[in-house]
1. If I ask for residues that are at the interface with chain A (Cβ under 8 Å from one of its Cβ atoms) and either open to solvent by less than 20 Å² (accessible area, probe 1.4 Å) or in a loop (DSSP other than H, G, I, E, B) (or both), which ones from the range B:74-89 would you list?
2. Which numbered condition in (1) assigned to a helix (DSSP H, G or I); (2) touching a residue at least 12 places away in the same chain (Cβ under 8 Å) is the only one that B:LEU164 fails?
3. Specify which of the listed residues (B:PHE59, B:PHE111) is open to solvent by 10 Å² or more (accessible area, probe 1.4 Å), within 12 Å of chain A (Cβ to nearest Cβ) and more than 22 Å from B:LEU28 (Cβ to Cβ).
4. Check B:ALA184, B:ALA155, B:ALA174, B:ALA179 and return the single one that is open to solvent by 30 Å² or more (accessible area, probe 1.4 Å), on the phi < 0 side of the Ramachandran plot and of a type outside the set (Phe, Trp, Tyr).
5. Applying the selection to the range A:101-159, what residues are among the small types (Gly, Ala, Ser) and under 19 Å from the mean Cα position of the chain (by Cα)?
6. The conditions are (1) within 13 Å of chain B (Cβ to nearest Cβ); (2) within 28 Å of C:LEU77 (Cα to Cα); (3) assigned to a helix (DSSP H, G or I), and C:LEU200 fails exactly one of them. Which is it?
7. Please work out which residue is nearest to the other protein chains (Cβ to nearest Cβ), limiting yourself to the range B:215-246 and to residues that are among the polar types (S, T, N, Q) and open to solvent by 10 Å² or more (accessible area, probe 1.4 Å).
8. If you check A:TYR208, A:TYR198, which single one turns out to be assigned to a helix (DSSP H, G or I) and of a type outside the set (A, V, I, L, M, F, W, C)?
Amino acid sequence: MMQSAYEQSSVRSNFFVVWNEFVKNMKFLMAYPIIFVFWAVFPIFWFIPFILQGQAFVGGLESASFAQIAGTEDYISFIVIGAVLNSYVNTLLYGMGESIRREAVQGTLDYVFAAPCNKAYVLIGKALSESVSSTIFAVSQLTISVLLFGVTFTLEVMFPVFFIVILLILGLYGLSLVLAAVSLMYKQSHDVSETIGYFFYIFSPVRYPIESLPSWAQIIGKLIPLTYALIIVRSIMLLGTSLTEMYWEIFALLIIDAVLIAAGFYMFNWMEEKTKRSGTISHH
Amino acid sequence: MEKNNKDYRLREVKCPSGFTWANVKAELRAIWEANVKAWKIDFAYPVSFVRQLISPVVFMIPYLLYGLVLIGGTYSENLAQLVGTGDVVAFIFTGYIMMGFIGTAVWAMGFSMRREQWFGTLEAIYVTPASRLGQVLGMALHSTVHQGMGTLIQAVFIYVTFGLGLNMSGILPALLIFALMLFALYGFGIVIAAVSMILKEGWIVSDSFYSIMTILSPVAYPLTVLPTLAQQASAIFPTAPALIGMRTFLIYDYVPEVVGNVFLHLLALGIVWIVFGVFVFHLTDKYVRKKGILKKY
Amino acid sequence: MSLKMCVMLSLVVNKSGEVFSIQTVNLTKRFAKKRHRGVFGFLRRNQLDRDVIEKNGVTVALNKVNIKICPGELFGLLGPNGSGKTTMIKCLSTILIPDEGTVRVNGFDAQKETSMVRASLGMVVGGERTLYWKLTARDNLMYFASLYKMQRAHAKRRVDELLEMFHLSDRADERLEDYSTGMRQKVTIARALLHDPPILLLDEPTLGLDPGFSRQIRRQIRELSEKHGKTVLLTTHYMDEADQLCDRVAFINSGNIVAVDTPNRLKARVKEKEIVEVTVYSPPADIEERIRSLLPDAEVVKLILGDEDKGNPSRIKIIGGAAEEHVGTVIDALRQKNVRIGSLNVGVPTLEDVFIKLTGAKLTEGGMQ
């Protein structure tokens, strides 16, 4: 009796799926150089108004009132870090949904689902390419901020920051899987990513310290992985805190990551099964 | 094949054209129907519809909270020195109204033709005798009302949560300035609609203009904090003079010369942008028909 | 109806002096070929590249096309994919501006009197999304009625009339996303008829439809021509469709009009005894060459690959020479290569045979549904 391709799947073949999906997505990105340049540079323009607002309200580059809540007087670096980490949310969250929507529009989604491989590996490939591109964009934005706004930091902080970024990405992977699952059933997945994006933007300390929110909103904020990533990275980069001192926040981030990834895989498999039965994969 | 029962002659067709009342009426109806169509499509996506209504609130909150944390209250000494009022809530609210309408011009209007490309209906629209500009203007009508509803929600929210104090007697003249600004902004929107049709990644054009206009408009800060060159560049967009004029009526003390200048500035910008917009639109219209790129997106 | 008769009738009755519903003179359209060199390709562009673009970088989609279509005529434009059919329709409908030549539609110049040309035309494009799926059929039609500058009361009456005509009244207030492909195509045709235009441009109107809906659409096209006196320009690559429907047919290949005539006269160009068609399964790649070498007097030997999974076997066409004498040789050659033969026909010419004889190219790989 012949073995089916699914039965023959191995670590190597799964790696092949992830790698090819990664390469395909990177090629898509490179096929639109203008988009690449846009994401590498343009998010800067979204936070420039906040820097100018600071100068108009405070009349200088440091604010004592800001330090009372945020712990640092340097509101410009605070804003830059918030914007750069938030760009991971933009690219990963929208990128995944967009990638699946693109497959649906191109008519390739049915074929992807008809393939015998585990679809989670396809999604890992997609997420990997989004992570790599997000990191390229983040580095670019940070470099421009250093040159334009005089943001300073030491190179030693880069390793712990990178570690936290990986933890953030893992949480966003989980969330992306949930989104991917939703986009299979619900044709307007863009709405869901936008709504989650709103949630992150309001309840996470992207543009302001979390302490400035009402207490009920702070509780919601503490369920979001970006909140912990922002708190830890700002502490390391602006206050010189070491990674070990932030053990509680790192632990909380790990727990949220685990919950999101588990929920993501569960929901994706459930939705995949459901859509196969209802036959609504390719609608858009 | 013989078909002797046919009437073998060219048939006269009736279609209003040129500068006739019948044609103006027909074009206005086409604009109205494009607006109605946009509403119907909006209602087909209820989540998106509601999200867009509350988005003015969502995107204003960071400006407010960040501003309040920066100064530890609602009054900024430095802002008072720069513009004459230190009330940051009223300052940010009036500024943020503009953000939504910049979005209307660059996104809703700018993307109106692109949306038709996405729906697959652009060619069908092109073979009708109605002006394609009607699509853009229909979308402008729709999104102005839509954005207006969002602004109302925004005003109620900010009044309830942060306490908004505006000079109520200044609302009518402020609205007049606002209407003048819309006129110029829509000319700008027409330019974006035209440009985004020929560029593959039209959203980048919209987003770039949105970001640049936001920076060059005194939304959350007065123009004086910008470098001199940027201050001069802001004069070409209607949002900067409109905000100065509106704030004069709603927050600051009334200065007749300032208001007079604002009116003249907006009137001039309105004429220039509309004429330039229509010119670019027709040029692009011809270009896409020459190159055969109507369908590409 | 012959061209001569058409001209005569038109000259008698047309007051404006215009004779043809559609007339093109030396219509030419070229497109620049896009070269993909990768992300940093612009860095690699050199003199050689520029020379190539100047010499070969242009696709001639239409090459000095002259066509005259009479009022009330059902005219077919046949050609393989990429032959210039759609470009032709787009030039006629003012969507595309030609590089050279003139287009007159219903007596109006397509470049100078675009509004009147548009008011004279209804256009249908097959197989594509051209309606608002989130709107109902009625909403779609009412919206486009406004773009055709129809008054509201008139538009309402007309929309009801068309929904009735296409048997869509019962589902007129459902969104198009819940319609079948065939029903959506009916709405597309109804849209083309909204303003009761004298001329219809139908670009592959049955593309992607199932046989039942295709038959319905063809019947409606015939009715529009015969009962309502519409001039119809139909582009298709289903030769049987053109054969059944059209008064006259033009063959287009690589932007050139190869022949224009009635289907019967075109078919008469290939004598009955000259045709041999054999349907075969899984033919080897060299079979065409092999048969050609065995039949030196045949004008054309063409292997038209089918899609056996979809029930379309491949076909071998032999045109020219003594067909009956060819049969034995062909069967022997196929048997030698162990090719399974499905059927064998001698002397039933189709428009495709004429097209192959005239151009050496195949018209389509599939038949009419």
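The values are calculated or read from the model by the stated rules, or taken from the named source; none is laboratory data. Quick caveat: nothing in here was measured; it's all calculated off a predicted structure. With ideal geometry, Cβ positions are generated from the backbone for all residues, glycine too; neighbour counts draw on all protein chains shown. Ligands, DNA and RNA are stripped out before the accessible areas are found, and what is left, the full protein with its side chains, is counted by its heavy atoms. Shrake-Rupley method; radii C 1.70, N 1.55, O 1.52, S 1.80 Å.
1. Taking the range B:74-89 and keeping what is at the interface with chain A (Cβ under 8 Å from one of its Cβ atoms), we get B:76-79, B:81-82, B:88.
Selection gives B:SER76, B:LEU79, B:VAL88.
2. In the conditions (1) assigned to a helix (DSSP H, G or I); (2) touching a residue at least 12 places away in the same chain (Cβ under 8 Å), B:LEU164 misses (1) alone.
3. Working: B:PHE111 fails: within 12 Å of chain A (Cβ to nearest Cβ).
Result: B:PHE59 is the single residue among B:PHE59, B:PHE111 that is open to solvent by 10 Å² or more (accessible area, probe 1.4 Å), within 12 Å of chain A (Cβ to nearest Cβ) and more than 22 Å from B:LEU28 (Cβ to Cβ).
4. Details: B:ALA184 fails: open to solvent by 30 Å² or more (accessible area, probe 1.4 Å); B:ALA155 fails: open to solvent by 30 Å² or more (accessible area, probe 1.4 Å); B:ALA174 fails: open to solvent by 30 Å² or more (accessible area, probe 1.4 Å).
Result of the check over B:ALA184, B:ALA155, B:ALA174, B:ALA179: B:ALA179.
5. Correct list: A:ALA120, A:GLY125, A:ALA127, A:SER129, A:SER131, A:SER133, A:SER134, A:ALA138, A:SER140.
6. All conditions are met except number (3).
7. From the range B:215-246, those among the polar types (S, T, N, Q) are B:217, B:224, B:228, B:231-232, B:234, B:239; that's our starting set.
Then drop every residue that is not open to solvent by 10 Å² or more (accessible area, probe 1.4 Å), which leaves B:224, B:228, B:231-232.
Details: B:THR224: 8, B:THR228: 14, B:GLN231: 12, B:GLN232: 16 Å.
Going through the qualifying residues, I end up with B:THR224.
8. Among A:TYR208, A:TYR198, only A:TYR198 is assigned to a helix (DSSP H, G or I) and of a type outside the set (A, V, I, L, M, F, W, C).
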